[in-house]
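Undergrad: Input: one structure, supplied below.
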Amino acid sequence: MIDIRHAEPCHRAGWERLWSQYIVKFGAPDMTEEVINGLWQRILDPDHPMQAWLALDRAEKDDDQTVIGLAHIIPHPHTFTLRNVAYLEDFWVSADQRGRGIGGQIMSALQALAKQQDWARLYWLTGSDNHGAQRLYDRLAKRDDSVLYKIDTIETQGF
């Protein structure tokens with residue numbers, strides 16, 4: 001049985017294990033402990049807009065070891081509506097857990113949250129070469145034809 005829940009302090013080790021996999025995959029393997037700790041503090045801070053939603057396998061007994069998926073979202077205002085929208089910044093399911101429908105369960109939970117919170121939209125980006133994720137996303141959402149441009153104002157580590 002899979003539960004999708006907002007991150008709590010007891011989930012730190014499991015979250016960090018998955019976060020480490022994610023940052024290696026997406027080009028930031030040398031992220032400092034200071035940044036990782038700061039991100040975790042943002043997630044736990046009820047006054048910060050960043051949220052982490054975790055997929056937990058209830059078959060496991062130790063909460064730290066049950067984290068098998070994560071989603072970081074950032075609700076924010078939008079210029080075309082007075083309702084908020086939410087950006088899905090990061091999305092990851094542990095490689096050894098893929099194929100169980102966990103990604104779809106996380107996305108369904110986020111969609112329900114968006115409706116509950118009256119957000120006008122949940123949106124995200126993915127790499128043009130991330131075909132595995134695109135297969136999931138194409139089943140769940142409408143693809144947009146937007147093109148991303150960015151100006152880095154500091155030297156970045158793959159983001």
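Undergrad: Just subtract the alpha-carbon distance of Val24 and Asp47 from 0.36 nm times their residue separation and send over the number in nm, one decimal.
TA: 5.4 nm
Undergrad: Still on this structure, I have one more. Mind telling me which of His72, His48, His11 comes out most flexible in a GNM of the chain, alpha-carbon contacts under 10 Å?
TA: Judging by the Gaussian network model, the answer is His48.
Undergrad: Could you check the spin-label model distance between Lys115 and Arg98? Points 7 Å from the Cα along Cα→Cβ, value in nm.
TA: Each label point lies 7 Å from its Cα, and together they span 2.9 nm.
Undergrad: Using DSSP to call loops (not H, G, I, E or B), can you name the trypsin sites (Lys or Arg not before Pro) in the range 15-63 whose Cβ has at most 11 other Cβ atoms within 10 angstrom?
TA: Passing both the DSSP loop test and the Cβ count: Arg58, Lys61.
Undergrad: For the range 121-137, take each phi angle, set θ = phi - 60°, evaluate the Karplus expression 6.51 cos²θ - 1.76 cosθ + 1.60, and give the result in whole Hz per residue in order, putting x for glycine and proline.
TA: Result, ordered by residue: 7, 10, 9, 7, 10, 8, x, 5, 9, 8, 5, x, 5, 4, 4, 5, 4 Hz.
Undergrad: In addition: Taking the Cα centre of the range 17-100 as origin, sum charge times position over the Cβ atoms of Lys and Arg (+1) and Asp and Glu (-1), and report the length of that vector in debye to the nearest 20.
TA: Once rounded to the nearest 20, the dipole reads 440 debye.
Undergrad: Tell me, in nm to one decimal, what length is gained between Ile154 and Lys142 on full extension, where the rule is 0.36 nm per residue of separation less the Cα-Cα distance?
TA: The span from Ile154 to Lys142 would gain 1.0 nm if fully extended.
Throughout, read-outs are computed from the coordinates displayed, never taken from laboratory work. What you see is a predicted model; the values in this text were computed from it and never measured. Glycine also receives a Cβ, built like all others from the backbone with ideal geometry; neighbour counts cover every protein chain displayed.
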